[in-house]
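Following: one structure in structure tokens, then a few remarks.
The values are calculated or read from the model by the stated rules, or taken from the named source; none is laboratory data. Because the structure is predicted, anything quoted here is derived from the model rather than measured. Cβ placement follows ideal geometry from the backbone for every residue including glycine, while neighbour counts extend to all protein chains displayed.
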Amino acid sequence: MEGAIPKIERRIDELKKFDVASVDERSDPRIGTLSSKLETLLATVFGANTIEYDRYNWSVTHLDRASINMMHATAIQEVREGLIRGIEGARSQLEAIVEGFREELEDRGISTSSRTLKAYEGLELHPYIEKAAGQLFKDGHYANAIENAVKALNNIVRLNSGIEDRDGSNLMETVFNPKNPVLAFNNLNDQSNRDEQKGFMMLFSGAVSGLRNPRAHKIIEDDPEKALEFIAFISLLSKLSDSATRRE
């Protein structure tokens with residue numbers, strides 16, 4: 001079920017994007033191609049000729065629902081209206097399947113949030129990052145967890161560098177400036193080391209401008225997997241800051 005959901009969602013997206021208005025004849029090959037994809041999807045998800053396959057086959061794969069007149073060709077407008085009904089019916093059925101799968105996974109404790117929570121608990125985060133973001137992440141407030149983690153990183157860099165009058169990207173680009181850093185990751189004795197210093201400076205600055213600032217100024221809905229990876233990245237930066245050498 002977990003593996004089937006993204007496959008079903010791809011077909012739902014195709015149904016949404018199908019331009020019915022561009023259909024000029026009933027024999028438009030795109031209709032048959034999409035129907036074949038949907039039939040293959042059902043066979044992949046449920047297995048061919050299973051009870052579930054037979055239950056959904058007509059309602060999902062039968063996209064052309066316009067009437068058939070043996071005396072003359074069906075008007076194109078009627079064909080389009082039949083396609084609209086068929087596509088909406090197929091979408092509705094597929095969305096119901098996805099919802100049912102997700103409910104079943106939730107009942108079994110195999111949801112994305114439960115998996116990422118287990119992964120989160122296995123991380124050895126920087127203690128300040130864990131303190132700032134841990135409970136928010138566990139409660140499902142992912143954007144707030146990321147924002148708080150970056151705020152904690154900002155404070156860690158201030159503490160390690162002794163610079164209190166700067167903030168955000170300005171702080172990071174001052175503290176880790178490869179020409180005259182306050183905190184250095186190496187001895188800066190050749191171009192390779194200076195490039196490393198510059199690269200880390202950009203990572204720190206990017207974390208603030210790319211992760212904290214947007215979440216501080218607008219509402220962002222982060223998914224648990226993305227939040228987990230962002231917080232792990234922020235924790236890594238925090239540990240790098242702790243290991244850097246302070247230069248007078």
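Only one entry in Ser114, Ser67 is surrounded by fewer than 17 Cβ atoms within 10 Å (Cβ to Cβ), free of Cβ contacts under 8 Å to residues at least 24 places away in the same chain, closer than 24 Å to Asp222 by Cα and out of contact with any His (no Cβ under 8 Å at 6 or more places or on another chain), namely Ser114.
Among the residues of region 144-165, are any free of Cβ contacts under 8 Å to residues at least 12 places away in the same chain and either among the charged types (D, E, K, R) or closer than 30 Å to Ile8 by Cα (or both)? Yes: region 144-165 contains one or more residues that are free of Cβ contacts under 8 Å to residues at least 12 places away in the same chain and either among the charged types (D, E, K, R) or closer than 30 Å to Ile8 by Cα (or both). Checked across region 36-54, the condition of being under 17 Å from Ser92 (Cβ atoms), of a type in the set (Asp, Glu), in contact with a Leu (Cβ under 7 Å, 6 or more places away or on another chain) and part of a helix (DSSP H, G or I) holds for no residue. With respect to being under 33 Å from the mean Cα position of the chain (by Cα), within 18 Å of Arg11 (Cα to Cα) and loosely packed, with under 14 Cβ neighbours inside 10 Å, Thr40 falls outside the description.
Taking the conditions exactly as written (outside the structural domain of Leu63 (by TED's automatic domain parsing), crowded, with 16+ Cβ neighbours inside 10 Å and within 26 Å of Pro224 (Cα to Cα)), does Glu147 satisfy them or not? Write out each step before concluding.
Working: outside the structural domain of Leu63 (by TED's automatic domain parsing): yes; crowded, with 16+ Cβ neighbours inside 10 Å: yes; within 26 Å of Pro224 (Cα to Cα): yes.
Yes; evaluated as a whole, the condition is true for this residue.
Can you name the residue in region 154-193 that is of a type in the set (Gly, Ala, Ser) and over 16 Å from Ala207 (Cβ atoms) and is also surrounded by the most Cβ atoms within 10 Å (Cβ to Cβ) among such residues? If you could, list the steps in order and put the result at the bottom.
Within region 154-193, the first condition is being of a type in the set (Gly, Ala, Ser), and the residues that meet it are 161-162, 168-169, 184, 192.
Going one step further and asking which of them are over 16 Å from Ala207 (Cβ atoms), we end up with 162, 184, 192.
Details: Gly162: 11, Ala184: 20, Ser192: 10.
Here the answer is Ala184.
For beta carbons closer than 7 Å, sequence separation of 6+ or different chains, a first residue in region 185-197 that is assigned by TED's automatic domain parsing to the domain that holds Thr174 and a second that is part of a helix (DSSP H, G or I) and of a type in the set (Asp, Glu), the qualifying pairs are Phe185/Glu196; Asn186/Glu196. Close contacts from region 2-31, counting a first residue that is in contact (Cβ under 8 Å) with a residue 24 or more places away in the chain and a second that is aliphatic (A, V, I, L, M) and outside any helix (DSSP H, G or I), with Cβ to Cβ under 6 Å and a gap of 6+ residues or different chains, come to Ile31/Leu63.
Filter region 4-35 down to the residues that are not in a helix (DSSP H, G or I) and not acidic (Asp, Glu), then identify the one that is surrounded by the fewest Cβ atoms within 10 Å (Cβ to Cβ). Working first, answer last.
To start, the set of residues in region 4-35 that are not in a helix (DSSP H, G or I) comprises 18-19, 23-28.
With not acidic (Asp, Glu) added as a condition, the list becomes 18, 23, 26-27.
Details: Phe18: 19, Val23: 17, Arg26: 18, Ser27: 10.
Among those that are not in a helix (DSSP H, G or I) and not acidic (Asp, Glu), it is Ser27.
Here is a yes/no grid of residues against (1) touching a helix residue (DSSP H, G or I) at 6+ places or on another chain (Cβ under 9 Å); (2) in the same structural domain as Ser22 (by TED's automatic domain parsing); (3) hydrophobic (A, V, I, L, M, F, W, C):
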position	(1), (2), (3)
Arg80	yes, yes, no
Glu99	no, yes, no
Tyr128	yes, no, no
Lys138	yes, no, no
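Which one of these is of a type in the set (Lys, Arg) and closer than 19 Å to Val20 by Cα: Arg85, Arg55? Step through it out loud before you land on a result.
On the way: Arg55 fails: closer than 19 Å to Val20 by Cα.
Unique residue meeting the criteria: Arg85.
Give me the helices (runs of 4 or more DSSP H) completely within region 131-207, filtered to those with at least 3 residues that are within 15 Å of Ser243 (Cβ to Cβ), ordered by residue number. Fully inside region 131-207 and qualifying: 142-161, 191-207. When restricted to residues that are farther than 27 Å from Lys118 by Cβ and at pLDDT 90 or above, region 211-241 contains 1.
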